[in-house]
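Visitor: Sharing a structure below in structure tokens format, with a few things to ask.
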Amino acid sequence: MKKVIVIAFAMFASLLNAQEKLQIPQISVSGEGKISIKPDQVVINFGVENTEKGAEEVKKQNDETVDKVLKFIKNFGIPSSDFKTTNVSLNRNYDYEKKKNNYHASQSITIILKDISKYDSLIMGLVDNGINTISDVEFKSSKLEDCKSESRKLAIKEAKHKAEDYVSVLNQKIGKAISISDTTQEYFPQPIYKMAMADAGLTGNSNPKETLAVGEIEVTSNVTVSFILE
């Protein structure tokens, strides 16, 4: 019996010794990187809507307006790859007040404008040619992926700097990174709106009107890094 106990104790001690050898002194820290960039593109969602007594009449009216709008967009110099129809509808509605049916036709179009300085002239031209709804205006950047890459590098640098601050008090140094976890929350970056003069020259006047608050897009990356302690 004693022999069994001695063997069991020896195995337990050996296991503890192996675990101690496997434990690597390390420090885990988080880091965050932020990059702000001014948008250089704007996505405009707009449409043409009409309501008439007859289906054929309202469709014809809507189609004529859309034809004018599309011709204007092409003449404006926007390539065909940067605009498209996103929705077309023709619905019959019942007017309970007049106790009659009417028909509602609509077509939605999206444009990617890659020169924000032309925003005002584009919008005015669209309105002059018959659009009657603007559902959304979204600012974007063509350099978004580059900004994401840069923000990741900044996050790693911050994590390393933070780790060095901690261990310096203990008169130690950090060694190689043994693990890196990307803890960035997936999201769609939106501009941080800041009122500013439209320095791109939205109009040809020497004193341009403030018709847009373009703001900045903020891109954030987060990481958790574990370093060996030396």
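The values are calculated or read from the model by the stated rules, or taken from the named source; none is laboratory data. None of the values given here were measured: they were computed from a predicted structure. Glycine gets a Cβ as well: all are built from the backbone with ideal geometry, and neighbour counts include every protein chain shown. Please note that ligands, DNA and RNA were not included when accessible areas were found on the heavy atoms of the full protein model with its side chains. Shrake-Rupley method; radii C 1.70, N 1.55, O 1.52, S 1.80 Å.
Visitor: Of all residues in the range 75-98, count the ones that are assigned to a helix (DSSP H, G or I) and exposed (fewer than 12 other Cβ atoms within 10 Å of the Cβ).
Guide: Within the range 75-98, residues that are assigned to a helix (DSSP H, G or I) and exposed (fewer than 12 other Cβ atoms within 10 Å of the Cβ) number 3.
Visitor: Then there is this: Give just the number: which of (1) under 30 Å from Leu154 (Cβ atoms); (2) open to solvent by 80 Å² or more (accessible area, probe 1.4 Å) does Asp40 not satisfy?
Guide: (2)
Visitor: What pairs can you find where one residue is in the range 52-69 and farther than 21 Å from Asn101 by Cα, the other is of a type in the set (Gly, Ala, Ser) and not in a helix (DSSP H, G or I), and their Cβ atoms are less than 7 Å apart, with a gap of 6+ or different chains?
Guide: From the range 52-69, the pairs are Thr65/Gly130; Lys68/Gly130; Val69/Gly130.
Visitor: Then there's this: Only one of Lys140, Lys84, Lys98 is modelled with pLDDT of 95 or more and out of contact with any Phe, Trp or Tyr (no Cβ under 7 Å at 6 or more places or on another chain); which?
Guide: Lys84
Visitor: Report yes if Ile131 is of a type in the set (A, V, I, L, M) and within 23 Å of the chain's Cα centre (by Cα), otherwise no.
Guide: No; evaluated as a whole, the condition is false for this residue.
Visitor: How many residues, within the range 132-191, are farther than 27 Å from Gln26 by Cβ and either part of a loop (DSSP other than H, G, I, E, B) or among the charged types (D, E, K, R) (or both)?
Guide: The qualifying residues number 16.
Visitor: Is one or more of the residues making up the range 99-113 open to solvent by 40 Å² or more (accessible area, probe 1.4 Å) and in a helix (DSSP H, G or I)?
Guide: No; the residues of the range 99-113 include none that is open to solvent by 40 Å² or more (accessible area, probe 1.4 Å) and in a helix (DSSP H, G or I).
Visitor: When you go through (1) touching a Lys or Arg at 6+ places or on another chain (Cβ under 8 Å); (2) assigned to a helix (DSSP H, G or I) one by one for Ile123, which number turns out not to apply?
Guide: Of everything listed in (1) touching a Lys or Arg at 6+ places or on another chain (Cβ under 8 Å); (2) assigned to a helix (DSSP H, G or I), Ile123 misses just condition (1).
Visitor: Have a look at Asp115, Asp82, Asp40 and point out the one that is over 16 Å from Asn132 (Cβ atoms), out of contact with any Ser or Thr (no Cβ under 8 Å at 6 or more places or on another chain) and in contact (Cβ under 8 Å) with a residue 24 or more places away in the chain.
Guide: Asp82
Visitor: Filter the range 43-61 down to residues that are open to solvent by 60 Å² or more (accessible area, probe 1.4 Å) and assigned to a loop (DSSP other than H, G, I, E, B), then give me how many there are.
Guide: 1
Visitor: Among all residue pairs at least 6 apart or on different chains, which show Cβ distances below 7 Å where the first residue, located in the range 127-144, is farther than 23 Å from Asp67 by Cβ and open to solvent by 40 Å² or more (accessible area, probe 1.4 Å) and the second is modelled with pLDDT of 90 or more and in a loop (DSSP other than H, G, I, E, B)?
Guide: Lys140/Pro39; Ser142/Asp40
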